[in-house]
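The values are calculated or read from the model by the stated rules, or taken from the named source; none is laboratory data. Just so it is clear, the model here is predicted, and its values are computed rather than measured. Note that we place each Cβ from the backbone using ideal geometry, even for glycine, and neighbour counts take in every protein chain shown. When the accessible area is computed, the model is the full protein with side chains, heavy atoms only, and any ligands, DNA or RNA have been set aside. Shrake-Rupley method; radii C 1.70, N 1.55, O 1.52, S 1.80 Å.
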Amino acid sequence: QVQLVESGGGLVQAGGSLRLSCAASGRTFSSYAMGWFRQAPGKEREFVAAISWTGGSTYYADSMKGRFTISRDNAKNTGYLQMNSLKPEDTAVYYCAAQLMGFGSRSYRDYDYWGQGTQVTVSS
């Protein structure tokens with residue numbers, strides 16, 4: 001069993017930055033890939049980024065490339081999502097997810113555990 005807790009969300013102006021954290025407990029953090037997804041009101045859950053269990057491979061949604069950076073620190077059992085050049089359309093609840101012994105996936109169905117989410121609001 002893995003427990004995930006996101007933090008770092010908040011209100012930021014367009015063009016600003018936020019760094020989300022995903023603290024993991026339970027099963028060894030380094031044994032699973034991690035993904036970030038987001039969901040805006042009235043919309044489906046959307047893939048943001050993913051990172052393999054080694055950290056050697058990363059994947060991004062096209063609209064996030066060059067603005068968002070996913071990383072992980074296995075020694076701290078924590079994953080991160082650095083978000084720069086934020087836009088109002090980035091407003092959503094952001095979730096981190098864990099995929100056991102995986103390499104990262106763009107599909108939310110491939111993940112085994114989810115955090116409760118953290119709200120990110122970008123004002124224009």
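Averaged over its residues, the chain has an accessible area of 49 Å² per residue, based on protein heavy atoms and a 1.4 Å probe.
Maximal additional length on extending the Asp73-Tyr108 stretch stands at 10.4 nm, based on 0.36 nm per residue less the C-alpha distance. Straight-line reach from Lys87: taking Cα to Cα under 27 Å and skipping same-chain neighbours fewer than 8 places apart, the lysines in range are Lys43, Lys65.
With a cut-off of 8 Å between alpha carbons and a minimum separation of six or more residues, what is the relative contact order of the chain in percent?
Details: 328 pairs, mean separation 45.2, N = 124.
Answer for the chain is 36 percent.
Among the trypsin sites (Lys or Arg not before Pro) in segment 1-62, those located in a DSSP loop and surrounded by at most 13 other Cβ atoms within 10 Å of their own Cβ are Lys43. Could you tell me the distance between the Cα centroids of segment 1-53 and segment 85-122, to the nearest Å? Answer, in whole Å: 4.
Considering only protein heavy atoms and a probe of 1.4 Å, how much of the accessible area of the chain is carbon and sulfur, as a whole percent? Carbon and sulfur together cover 47 percent of it.
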